[in-house]
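The values are calculated or read from the model by the stated rules, or taken from the named source; none is laboratory data. Note that the coordinates shown come from a computational prediction; the quantities given were computed from them, not determined experimentally. Note that we place each Cβ from the backbone using ideal geometry, even for glycine, and neighbour counts take in every protein chain shown.
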Amino acid sequence: MSKETYKGAAGGWDALLSSYQHIKEQGIVSLGSLTMLKANQPEGFDCPGCAWPDKNHHSTFEFCENGVKAVAAEATARRVTPAFFAEYSVSELATHDDYWLEGQGRLTEPMRYDAASDHYVPISWDDAFARIAAHLQALDDPNQALFYTSGRTSNEAAFLYQLLAREYGTNNMPDCSNMCHEPTSVGLAEQIGIGKGTVTLDDFEKADVIFSFGHNPGTNHPRMLGELRTAAKRGCKILAFNPVRERGLERFANPQSPVEMTTGGSTTIATHYYQPRLGGDLAVVTGMLKCVIEAGDIDRAFIDAHTTGFDAIADSVRAADWATIEIESGLSREQIEQAATIFRQSKAAIACWGMGITQHKRAVATIQMIGNLLLSRGHIGKPGAGLCPVRGHSNVQGDRTMGIYEKPSPRFLDKLGSAFAFEPPRAHGHDVVGAIEAMIAGDAKVFIGMGGNFAVATPDSERTQAALRNCALTVQVSTKLNRSHLVQGRDALILPCLGRTEIDMQAGGVQGVSVEDSMSMVHISTGMNAPASPQLRSEPAIIAGIAMATLPNSRTPWQDLVADYDRIRDRIAMVVDGFDDFNARVHQPGGFYLGNSARDRQWRNDAGKALFCVHPLAPTVAPDTQLLTLMTMRSHDQYNTTIYGLHDRYRGIKGERRVCFISRSDLDRLGYAEGDWVDIVSVWHDGERVATHFRLVEYNIPAGCIGAYYPETNPLVPLDSYAERARTPTSKSIPVRLQRSSIDVAA
Ligand SMILES: Nc1nc2c(c(=O)[nH]1)N[C@H]1C(S)=C(S)[C@@H](COP(=O)(O)OP(=O)(O)OC[C@H]3O[C@@H](n4cnc5c(=O)[nH]c(N)nc54)[C@H](O)[C@@H]3O)O[C@H]1N2
Ligand SMILES: Nc1nc2c(c(=O)[nH]1)N[C@H]1C(S)=C(S)[C@@H](COP(=O)(O)OP(=O)(O)OC[C@H]3O[C@@H](n4cnc5c(=O)[nH]c(N)nc54)[C@H](O)[C@@H]3O)O[C@H]1N2
Ligand SMILES: [Mo]
C-alpha cells in the first residue's frame, strides 16, 4: 500500500486515463468506448452508475469515469461458466475476496447448489423455477418468504416483482433503500407530503447558494460536478459540510473543457468548507436556523400561508445553547454564523445530502431540520431553491415508486388489487433489518434477491450471514459472482440476468425498460450490447418464470406482459399515480417529469401544510475518550460491494482497502503511529464485534472520528443500531475502539 496526497483536481486527465485502463482491463477496448457513447443518450441505456439526472438527453456523451467503470464491468469479456463452478468448490470460492469474485466476470447459466459436492452445478431455467415454486408452496405462511430488491432493477421488473410478492401473499419487500435514503423518504413524506427531492436540474442554474451535506460527488455522482462547476463559475456560493475534505468538493477539472484540460486549470467548487464531527449536522443546522430566526430573516408570508409549527420550532432553536451546538457539531459558533449569514442573504438555496446524513441515529431529525431551514425562508417550491437528496442506485427511486415497499399505502394496494383481480395482503412486511431478524429467528425461510449483494451490503455481517444460512432456499438473480452466492441456504440458486447495457429480445421484439432518476425524470433505457451469454434472461422474464411456476391460479397474463414491456407499462399506468399515458410519454425523447407536489407548494401530508418539525439537541458526544466514532464510506474504485480496484485516488490511497483514516491528534493521544496495523472493535450493548487488520493512515478528519471502507467494516455495524423511525443502519456512526492488530503482519 502507498499513500500520497493527491494534488490534482477531481476529474481531469487522471480520470480519463483511469477510465481507459478500466476498459482495457476488462478486455473490451473497442466495445467499451462504443458502449459509453450510448450511456444516457436518448436512444441508448441509462447509465447503471448512479441516479444523478442527465441534463439533456441529446447532448454529446457526458463523460464520467465511474460511469465508465460501471459499464465496462458489465461489458467485461470474462465469464463465470459451469466449468468455473466445477473447478472451484463453494468453500474455495469463499476464501477469495470481493475484488477477486467480481473480477471473474459475468455469470452465464442458472446454477444450483449441490451440498453433497459443495459445488454449484447447472440447472435448467424450468427446473430452477419449479424448485422455487416447490419451496414457496411448502411454506406455512407467505410471510415466511422475503423478496429483496437492489436499486438497479428497472421500473418494469420492479412492478412485476412486487406483483409476484403480493399475489403470492406478502409485503416482505426489503430493499437497498432501507440502508440508503429511507430517512429521506420518511422525513420528507411527513414534512412536505412527498418523500422525494423538490428540485430539478434547472434549479441548479438559478440557485445562488448550494449546501452539500455529507455526500461525495467526485466519486459517487461525478456528473453532478458538471452542475456544481457551472454554478461555481457564475458565482453561486457552495457550502460543503463534510468531516473530511473531499477533492471533488474542492476542485474539478472538466474532462470536456478543452481549456481546463490543456492548461491544467480547474474550477474551485466549494467556496466554504466546514468539517463537522460525524453526526454533527443536526447541531450545525439547528445553529443556522437559530441565527436565521433570531435575526428575524424569515419569510413570514410563506410561513403563514404554507406551514404549521413555526412558533414551536422558533422556541426550540432559541432554547438551544451555543455551547451544546458547538460541542455536538464540532464547528465554532463563528463558522455556523457565517454559513447562516450566507443563507440569510440568499434568494434561492438548494440543500443536497447523501449518506453522511442518512446513516445516523438521528437521520430523520437532521433531514427535517434541513427542511425547517429552507422552509423558514420559503426556499421550497420556488425557482432555484429546494431539497435535493442525492440518491444512489440508478433506479432506487423508481423502484419505490413502483411499489417496492414493505409498507404500501392502502390506495396503492386497492388499485393493484383491482387491476390484477386479487386481494393484496395488507399487513406490513419486513424491511432489511426486520428480514435479517426474521431469518435468524427461523420465521423467514426463503430469500429471493433481485440483484444486490445482501450478505455483504447489510449490517452485522456475521449475524446476517448466519441468517441467510438458516434459510431453506436462497435465490440470487445476479449479473456477477458475489459473496451472497457463497453464503447460501440449504438449497440455493444463482439466476443470471441481462444487464442494462444488453439487448433484451422478447417475443415481441427488442425491449426497453424505464427508470426514474433522483429528480423524478422517467425515461427509457435500451441496451445495445450482445448479451454476455445466450442463456441469460431479463429480470422481467425471470420474475414471470417464477410467478407462472408458483401461482397456478394467477389471473395475470405473465407471458404476454413479458413478450412486450409496453403491456407492463400499460398496467403500471393503471396502478401507479402519475403514470397516465405512460407509454406515449416515456417514448418521447428525454422522457417525462413525474412532478413533485411540494415543488408546487401542495402539501399532501395529514396537515395539508409543510411542517416545522421540532428536534431538540441531545448530548451524543461520548465522554469515554477511548471510544471513537467510525464512518464507513466508499472508495473511488468501488460500486457499493463491487470492488473494481484497490485505489482511492482522490484520498491518496494506492493498492489497499484495509485502511483506517485517523487524525494526528488521535494517533498521538492513543499512542499509535501512521502505518500501524490495528483491529477495529465496535462496542455495543450486546458485546463487541471485531474487524481485523487495518492500516492507520493519518488524515485531515476531526478528532474522535475515524473512517474506513464499506463493506470491510460491515461486521462492525450492530443490527439494532439504526436511524430512529427509518431503521437505516447507522453506518456512519459506529462507536469503536482500536487495538493493535491481532494478525501478525510482515511489514
Ligand atoms: N462510483 C460509485 N458511485 C456510487 C456508489 C459507489 O459505491 N461508487 N454508490 C451509489 C449509492 S447506492 C449511493 S447511496 C451513493 C452514495 O454516495 P455518498 O452519499 O457520497 O456516500 P458515501 O461514500 O458513503 O459518502 C458519504 C460522504 O459523507 C461524508 N460523511 C460521513 N459522515 C458524515 C456526517 O456525519 N456528516 C457529514 N456532513 N458528512 C459525513 C463522508 O466523508 C463522505 O464524503 O453513491 C452512488 N454512486
Ligand atoms: N457499512 C455500510 N453499509 C452499507 C452502506 C454504507 O455506506 N456503509 N451503504 C448502503 C447503501 S447506500 C446501499 S444502496 C446498499 C447496497 O446494497 P446492494 O444494492 O444489495 O449491493 P450492490 O453492491 O449494489 O449489489 C451488487 C450486485 O448486484 C448485482 N447486479 C449488478 N447489476 C445488476 C443487474 O442489472 N441486475 C441484477 N439482477 N443484478 C445486478 C451483481 O451481481 C453485483 O454483485 O449497501 C448499503 N450498505
Ligand atoms: Mo445507496
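I'd like the full set of residues that are more than 16 Å from ligand 3 (Cβ to nearest atom) and on the phi > 0 side of the Ramachandran plot, limited to the range 685-728.
Passing the criteria: Gly687, His693, Gly704, Arg725.
Looking at Asn155, Asn171, can you tell me which residue is polar (S, T, N, Q), more than 16 Å from ligand 3 (Cβ to nearest atom), more than 20 Å from His430 (Cα to Cα) and out of contact with any Lys or Arg (no Cβ under 7 Å at 6 or more places or on another chain)? Break it down stepwise before answering.
Details: Asn171 fails: more than 20 Å from His430 (Cα to Cα).
Matching residue, one of Asn155, Asn171: Asn155.
Just checking, how many residues over the range 554-569 are aromatic (Phe, Trp, Tyr) and within 29 Å of the chain's Cα centre (by Cα)? Reasoning before the result, please.
Filtering the range 554-569 for residues aromatic (Phe, Trp, Tyr) gives 558, 565.
Now drop any that are not within 29 Å of the chain's Cα centre (by Cα), which leaves 565.
Matching residues across the range 554-569 total 1.
For residues that are touching a His at 6+ places or on another chain (Cβ under 9 Å) and outside the structural domain of Glu724 (by TED's automatic domain parsing), scanning just the range 609-658, find the one that is nearest to ligand 1 (Cβ to nearest atom).
In this case the residue turns out to be Ala610.
Can you find, within the range 549-599, the residue that is surrounded by the fewest Cβ atoms within 10 Å (Cβ to Cβ) among those that are over 30 Å from Glu190 (Cα atoms) and among the small types (Gly, Ala, Ser)? Steps first, answer last, please.
Initial filter on the range 549-599 (over 30 Å from Glu190 (Cα atoms)): 549-568, 570, 583-584, 587-590.
Checking which are among the small types (Gly, Ala, Ser) leaves us with 549, 554, 563, 584, 590.
On the way: Ala549: 19, Ser554: 17, Ala563: 17, Ala584: 11, Gly590: 13.
Of everything passing the filter in the range 549-599, Ala584 is surrounded by the fewest Cβ atoms within 10 Å (Cβ to Cβ).
Any idea which of Thr230, Thr219 is within 16 Å of ligand 3 (Cβ to nearest atom), more than 30 Å from Gln144 (Cα to Cα) and part of a helix (DSSP H, G or I)?
Numbers: Thr230 fails: within 16 Å of ligand 3 (Cβ to nearest atom).
Just a single option satisfies the conditions, and that option is Thr219.
Please verify whether Pro222 is farther than 29 Å from Thr629 by Cα and either buried (at least 24 other Cβ atoms within 10 Å of the Cβ) or within 16 Å of ligand 1 (Cβ to nearest atom) (or both), treating the condition exactly as stated.
Taking the combined requirement at face value, the residue does not satisfy it.
How about the range 680-702: which of its residues are touching a residue at least 60 places away in the same chain (Cβ under 8 Å) and assigned to a loop (DSSP other than H, G, I, E, B)?
In the first step, residues of the range 680-702 are kept if they are touching a residue at least 60 places away in the same chain (Cβ under 8 Å); the result is 689, 695, 697, 699-702.
Residues satisfying the conditions are Tyr699, Asn700, Ile701, Pro702.
Across the range 275-307, what is the total count of residues that are touching a strand residue (DSSP E or B) at 6+ places or on another chain (Cβ under 7 Å) and surrounded by fewer than 22 Cβ atoms within 10 Å (Cβ to Cβ)?
Looking only at that region, the number is 1.
Within the range 348-366, how many residues are over 15 Å from Leu239 (Cα atoms) and away from ligand 1 (no atom under 12 Å from the Cβ)?
Number satisfying all stated conditions: 2.
Just a yes or no: is a residue in the range 111-121 free of Cβ contacts under 8 Å to residues at least 60 places away in the same chain, farther than 23 Å from Val456 by Cβ and in contact with a helix residue (DSSP H, G or I) (Cβ under 8 Å, 6 or more places away or on another chain)?
Yes, the range 111-121 contains at least one residue that is free of Cβ contacts under 8 Å to residues at least 60 places away in the same chain, farther than 23 Å from Val456 by Cβ and in contact with a helix residue (DSSP H, G or I) (Cβ under 8 Å, 6 or more places away or on another chain).
I need a count of the residues in the range 479-537 that are of a type in the set (D, E, K, R) and within 16 Å of ligand 3 (Cβ to nearest atom).
2
Give the residue, chosen from Val209, Val121, Val186, that is of a type outside the set (Gly, Ala, Ser) and within 16 Å of ligand 3 (Cβ to nearest atom).
Unique residue meeting the criteria: Val186.
How many residues does the range 324-340 contain that are in a loop (DSSP other than H, G, I, E, B) and crowded, with 18+ Cβ neighbours inside 10 Å?
Residues meeting the conditions: 2.
Please specify each residue of the range 165-191 satisfying the condition of being surrounded by 24 or more Cβ atoms within 10 Å (Cβ to Cβ), away from ligand 2 (no atom under 11 Å from the Cβ) and among the aliphatic types (A, V, I, L, M).
Passing the criteria: Ala165, Met173, Leu188.
So which residues in the range 192-216 are part of a loop (DSSP other than H, G, I, E, B), surrounded by fewer than 22 Cβ atoms within 10 Å (Cβ to Cβ) and among the aliphatic types (A, V, I, L, M), if there are any at all?
Within the range 192-216, Ile194 is the sole residue that qualifies.
Quick check on the range 643-658: of everything there that is modelled with pLDDT of 95 or more and either among the basic types (Lys, Arg) or within 13 Å of ligand 2 (Cβ to nearest atom) (or both), which residue is farthest from Ile23 (Cα to Cα)?
Taking the candidates together, the pick is Arg658.
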